[in-house]
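To start, the structure itself, in C-alpha coordinates.
The values are calculated or read from the model by the stated rules, or taken from the named source; none is laboratory data. Predicted, not measured: the structure shown is a model, and the values here were computed from it. Cβ placement follows ideal geometry from the backbone for every residue including glycine, while neighbour counts extend to all protein chains displayed. The area values use the complete protein model at the heavy-atom level, side chains included, leaving out ligands, DNA and RNA. Shrake-Rupley method; radii C 1.70, N 1.55, O 1.52, S 1.80 Å.
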Amino acid sequence: MPAATHLKKLRMDSSGAVVTLVAEALDGLSTIQAFNQQNYFVSETAKRVDQNHRALFAAETLNLWLAFFCDFYGACLILAVGCFAMAQWETLGSGNVGLAFSQSIQLLVFYTWSVRLLADSIGLFGSAEKVRGVFNDNTHAVVYTMSHRWAGWPTTSPKRAASCCAATAP
(Lines give C-alpha, C1' and ligand atoms only; values in the text may rest on other atoms or scores of the structure.)
Protein backbone atom coordinates (compact mmCIF):
# COMPACT_ATOMS: atom_id res chain seq x y z
CA MET A 1 0.00 0.00 0.00
CA PRO A 2 2.79 2.53 0.68
CA ALA A 3 4.13 1.96 -2.84
CA ALA A 4 0.67 2.55 -4.31
CA THR A 5 0.33 5.80 -2.39
CA HIS A 6 3.74 7.00 -3.53
CA LEU A 7 3.07 6.06 -7.15
CA LYS A 8 -0.33 7.74 -7.10
CA LYS A 9 1.32 10.90 -5.77
CA LEU A 10 3.97 10.73 -8.51
CA ARG A 11 1.27 10.26 -11.14
CA MET A 12 -0.72 13.26 -9.87
CA ASP A 13 2.37 15.47 -9.61
CA SER A 14 3.60 14.60 -13.08
CA SER A 15 0.19 15.04 -14.70
CA GLY A 16 -0.17 18.39 -12.95
CA ALA A 17 3.21 19.46 -14.33
CA VAL A 18 2.10 18.58 -17.88
CA VAL A 19 -1.19 20.44 -17.56
CA THR A 20 0.54 23.47 -16.03
CA LEU A 21 3.15 23.61 -18.77
CA VAL A 22 0.56 23.34 -21.53
CA ALA A 23 -1.62 26.02 -19.92
CA GLU A 24 1.33 28.37 -19.46
CA ALA A 25 2.51 27.74 -23.02
CA LEU A 26 -0.95 28.55 -24.37
CA ASP A 27 -1.14 31.72 -22.27
CA GLY A 28 2.29 32.89 -23.40
CA LEU A 29 2.14 31.65 -26.97
CA SER A 30 2.88 35.03 -28.51
CA THR A 31 5.89 35.50 -26.22
CA ILE A 32 7.19 32.03 -27.03
CA GLN A 33 6.90 32.78 -30.71
CA ALA A 34 8.51 36.21 -30.30
CA PHE A 35 11.56 34.60 -28.67
CA ASN A 36 11.50 31.67 -31.13
CA GLN A 37 11.40 29.10 -28.28
CA GLN A 38 8.89 26.64 -29.75
CA ASN A 39 11.44 23.80 -29.80
CA TYR A 40 12.24 24.34 -26.12
CA PHE A 41 8.59 24.03 -25.11
CA VAL A 42 8.01 21.04 -27.39
CA SER A 43 10.99 19.19 -25.88
CA GLU A 44 10.03 20.20 -22.33
CA THR A 45 6.47 19.00 -22.90
CA ALA A 46 7.77 15.70 -24.33
CA LYS A 47 10.00 15.20 -21.26
CA ARG A 48 7.12 15.85 -18.86
CA VAL A 49 4.74 13.60 -20.80
CA ASP A 50 7.35 10.82 -20.73
CA GLN A 51 7.76 11.30 -16.98
CA ASN A 52 3.99 11.16 -16.55
CA HIS A 53 3.77 7.98 -18.62
CA ARG A 54 6.48 6.32 -16.53
CA ALA A 55 4.56 7.12 -13.33
CA LEU A 56 1.27 6.05 -14.91
CA PHE A 57 2.75 2.76 -16.15
CA ALA A 58 4.22 1.97 -12.74
CA ALA A 59 0.94 2.75 -10.98
CA GLU A 60 -1.09 0.66 -13.42
CA THR A 61 1.37 -2.21 -13.09
CA LEU A 62 0.98 -2.07 -9.32
CA ASN A 63 -2.81 -2.09 -9.70
CA LEU A 64 -2.57 -5.17 -11.91
CA TRP A 65 -0.40 -6.93 -9.31
CA LEU A 66 -2.95 -6.04 -6.65
CA ALA A 67 -5.72 -7.51 -8.82
CA PHE A 68 -3.60 -10.61 -9.45
CA PHE A 69 -2.98 -11.04 -5.71
CA CYS A 70 -6.68 -10.72 -4.93
CA ASP A 71 -7.61 -13.19 -7.69
CA PHE A 72 -4.91 -15.64 -6.60
CA TYR A 73 -6.12 -15.49 -3.00
CA GLY A 74 -9.67 -16.09 -4.23
CA ALA A 75 -8.61 -19.04 -6.37
CA CYS A 76 -6.83 -20.57 -3.38
CA LEU A 77 -9.95 -20.06 -1.28
CA ILE A 78 -12.19 -21.68 -3.91
CA LEU A 79 -9.73 -24.57 -4.26
CA ALA A 80 -9.72 -25.14 -0.50
CA VAL A 81 -13.53 -25.05 -0.37
CA GLY A 82 -13.71 -27.40 -3.35
CA CYS A 83 -11.29 -29.90 -1.80
CA PHE A 84 -13.15 -29.78 1.51
CA ALA A 85 -16.51 -30.15 -0.25
CA MET A 86 -15.33 -33.12 -2.30
CA ALA A 87 -13.92 -34.80 0.81
CA GLN A 88 -17.08 -34.20 2.88
CA TRP A 89 -19.71 -34.46 0.11
CA GLU A 90 -21.54 -37.42 1.59
CA THR A 91 -21.66 -35.84 5.03
CA LEU A 92 -22.61 -32.32 3.93
CA GLY A 93 -24.96 -33.05 1.05
CA SER A 94 -25.14 -31.36 -2.31
CA GLY A 95 -27.14 -28.35 -1.05
CA ASN A 96 -24.58 -27.45 1.59
CA VAL A 97 -21.69 -27.93 -0.87
CA GLY A 98 -23.37 -25.53 -3.30
CA LEU A 99 -23.98 -23.09 -0.45
CA ALA A 100 -20.32 -23.31 0.56
CA PHE A 101 -19.23 -22.48 -3.00
CA SER A 102 -21.70 -19.60 -3.20
CA GLN A 103 -20.59 -18.16 0.13
CA SER A 104 -16.89 -18.46 -0.73
CA ILE A 105 -17.44 -16.59 -4.01
CA GLN A 106 -19.32 -13.84 -2.18
CA LEU A 107 -16.50 -13.70 0.36
CA LEU A 108 -14.02 -13.34 -2.51
CA VAL A 109 -15.99 -10.44 -4.02
CA PHE A 110 -16.21 -8.75 -0.60
CA TYR A 111 -12.47 -9.22 -0.03
CA THR A 112 -11.57 -7.82 -3.47
CA TRP A 113 -13.79 -4.77 -3.04
CA SER A 114 -12.44 -4.18 0.48
CA VAL A 115 -8.83 -4.24 -0.72
CA ARG A 116 -9.66 -1.92 -3.64
CA LEU A 117 -11.53 0.48 -1.34
CA LEU A 118 -8.60 0.53 1.07
CA ALA A 119 -6.11 1.26 -1.73
CA ASP A 120 -8.30 4.03 -3.19
CA SER A 121 -8.92 5.54 0.25
CA ILE A 122 -5.20 5.72 0.97
CA GLY A 123 -4.70 7.46 -2.38
CA LEU A 124 -7.49 9.93 -1.64
CA PHE A 125 -5.99 10.73 1.75
CA GLY A 126 -2.75 11.56 -0.06
CA SER A 127 -4.68 13.86 -2.42
CA ALA A 128 -6.37 15.61 0.49
CA GLU A 129 -3.01 16.14 2.20
CA LYS A 130 -1.58 17.62 -1.00
CA VAL A 131 -4.50 20.04 -1.38
CA ARG A 132 -4.21 21.04 2.26
CA GLY A 133 -0.49 21.63 1.81
CA VAL A 134 -1.08 23.86 -1.21
CA PHE A 135 -3.55 26.06 0.63
CA ASN A 136 -1.75 26.19 3.99
CA ASP A 137 1.92 26.36 3.04
CA ASN A 138 3.27 29.25 0.97
CA THR A 139 6.61 29.38 2.75
CA HIS A 140 8.39 27.62 -0.12
CA ALA A 141 7.37 30.08 -2.82
CA VAL A 142 10.27 31.21 -4.97
CA VAL A 143 10.35 34.55 -6.75
CA TYR A 144 12.27 34.73 -10.01
CA THR A 145 13.34 38.11 -11.29
CA MET A 146 15.21 39.17 -14.40
CA SER A 147 18.50 38.43 -12.61
CA HIS A 148 17.60 34.70 -12.45
CA ARG A 149 17.96 33.48 -16.06
CA TRP A 150 18.14 29.92 -17.29
CA ALA A 151 21.02 28.80 -19.45
CA GLY A 152 20.18 29.22 -23.11
CA TRP A 153 17.20 31.46 -22.41
CA PRO A 154 17.14 34.59 -24.59
CA THR A 155 18.34 37.78 -22.94
CA THR A 156 17.24 40.25 -25.59
CA SER A 157 13.90 40.94 -27.17
CA PRO A 158 12.39 43.53 -29.48
CA LYS A 159 9.92 44.17 -26.65
CA ARG A 160 11.05 45.60 -23.31
CA ALA A 161 9.86 44.14 -20.00
CA ALA A 162 10.66 46.09 -16.86
CA SER A 163 10.22 44.70 -13.34
CA CYS A 164 9.06 41.33 -14.60
CA CYS A 165 8.77 38.57 -11.99
CA ALA A 166 7.01 35.27 -11.40
CA ALA A 167 6.22 33.38 -8.24
CA THR A 168 5.88 29.61 -8.06
CA ALA A 169 4.92 27.27 -5.27
CA PRO A 170 5.75 23.54 -5.03
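Segment Phe84..Ile122, full-extension length gain: 10.0 nm, with 0.36 nm per residue of separation and the alpha-carbon distance subtracted.
Taking 0.36 nm per residue of separation and subtracting the current Cα-Cα distance, fully stretching the chain between Asn96 and Leu21 would add 20.8 nm.
Looking at the range 1-67, none of the GluC sites (Glu not before Pro) sits in a DSSP loop with at most 15 other Cβ atoms within 10 Å of its own Cβ. Nonpolar atom fraction for the range 1-93, defined as the carbon and sulfur part of the 1.4 Å probe accessible area, stands at 67 percent.
Efficiency by 1/(1 + (r/R0)^6): what FRET value for Asn39 and Asn63, r their Cβ-Cβ distance, R0 = 35 Å, to the nearest 0.05?
My answer for the efficiency is 0.45.
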